[in-house]
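A short write-up of the structure that comes next.
The values are calculated or read from the model by the stated rules, or taken from the named source; none is laboratory data. What you see is a predicted model, and the numbers here were worked out from it, not measured in a lab. Note that each Cβ is placed from the backbone with ideal geometry, even for glycine, and that neighbours are counted across all protein chains shown.
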Amino acid sequence: MQRWSDAAFEQERLLGTIKHNPIFRDYLIDFQNNAYEESFPDGMMLTLHEYLLQEADPMYVSAEVVEMWDYARESFKPEVLHGWDLPCQISFALLPKQMVMNDVDGNAISFRAVSWIPAGSGDVEWSEDNPPTGVWYTLWSHIDDMDDFNRPDMDARERASWEALGTWVILFSGFIPFGLLEDYQAMVVSNPDRENEIELRARTWLLLQSFWRLSRQIVPVKESLPRQLRRDRKRHYRTEDVTVITLRRQREPHDLDHESDIEYKWQWVVRGHWRNQYYRSLGEVGDPQAYRQIWISPYMKGPEDAPIKPVRRAFEFTR
């Protein structure tokens, strides 16, 4: 069975847990009460995630895209999020391995799946008369992933408590508004005692937005699910395939149309980087809202028959 089919299986497993595991349902209710107190209607997170997993398009993110995302997220700059930035409206995206970030105390924490759904202020469903005002996201941690909390090495009692919930729990879950760019520096000035929390919120938003921007640049591939799973999903009027996000070999090096008359003696590698791209449909030249970041993958520059420029320094990256 192909790895990409795991996205649909894990989505089904998590949906079944939410529907039929009373411990997990209580966990979602408690998570909302502890994280958001009275900011949203009672039971909203439980209703939202059940609806999300019922309606979501399963997505599988290939290992090479995860590697690119892990590198690219560090240099992504804050920008306004729009509904059309999402690669698909409602999705559960499974990664082939965990991604790691740091929490407010500097601990390494990990996640292995991301889900999202456009929503309003506490509203799960929307219409033309009640359009979504942003997107609700959730980062999901897996019981077997390693980080500073060493989940696989928990003692028997801790492990049993997690297993009672299932294989997945929420790492972070929150709401990103459409059309707004938050001023995090001003938020820190107003709430200096929450600086670490605000900084983590900013990093999480940049993490997600960088993934969505990359996903929009990569042509997704639709793959059919195994027959039995297709039958089960068709019976409930749900999508019968998986969106696979994977890299494709570039046909041409980037920026050939911007080459100058300079004659280069060497070939060298241009590192991957974000570039601000102007879109006429979004506004006038010079209007910050009219620019979107696009990822330029690493490529070789210089004459094809020229020698490769020697590198004076070498670095070893280990994980």
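Points to keep in mind about this one:
Rundown of residues vs (1) in contact with a helix residue (DSSP H, G or I) (Cβ under 6 Å, 6 or more places away or on another chain); (2) under 24 Å from Leu180 (Cα atoms), yes/no style:
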residue: Ile18; (1), (2): yes, no
residue: Tyr36; (1), (2): no, yes
residue: Lys77; (1), (2): no, yes
residue: Asp103; (1), (2): no, no
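- The condition (being surrounded by 15 or more Cβ atoms within 10 Å (Cβ to Cβ) and modelled with pLDDT under 90) is satisfied by just one residue among Thr138, Thr133: Thr133.
- Yes/no for Gly122 being surrounded by fewer than 19 Cβ atoms within 10 Å (Cβ to Cβ), touching a Ser or Thr at 6+ places or on another chain (Cβ under 9 Å) and at pLDDT 90 or above: no
- When each of Ala72, Ala35, Ala8 is tested for being part of a helix (DSSP H, G or I) and touching a Pro at 6+ places or on another chain (Cβ under 6 Å), the lone residue that passes is Ala8.
- Selected residue (only one of Ile143, Ile117 is assigned by TED's automatic domain parsing to the domain that holds Gly179, of a type in the set (A, V, I, L, M, F, W, C), modelled with pLDDT of 80 or more and farther than 20 Å from Glu50 by Cβ): Ile143
- Residue within the range 42-56 that is within 22 Å of the chain's Cα centre (by Cα) and outside any helix (DSSP H, G or I) present: yes
- Residue, farthest from Ser115 (Cα to Cα), within the range 50-67, restricted to residues that are touching a strand residue (DSSP E or B) at 6+ places or on another chain (Cβ under 8 Å) and surrounded by fewer than 20 Cβ atoms within 10 Å (Cβ to Cβ): Ala63
- Subset of the range 15-41 (residues that are farther than 16 Å from Phe92 by Cβ and free of Cβ contacts under 8 Å to residues at least 12 places away in the same chain): His20, Pro22, Asp26, Asp30, Asn33, Asn34, Tyr36, Glu37, Glu38, Ser39
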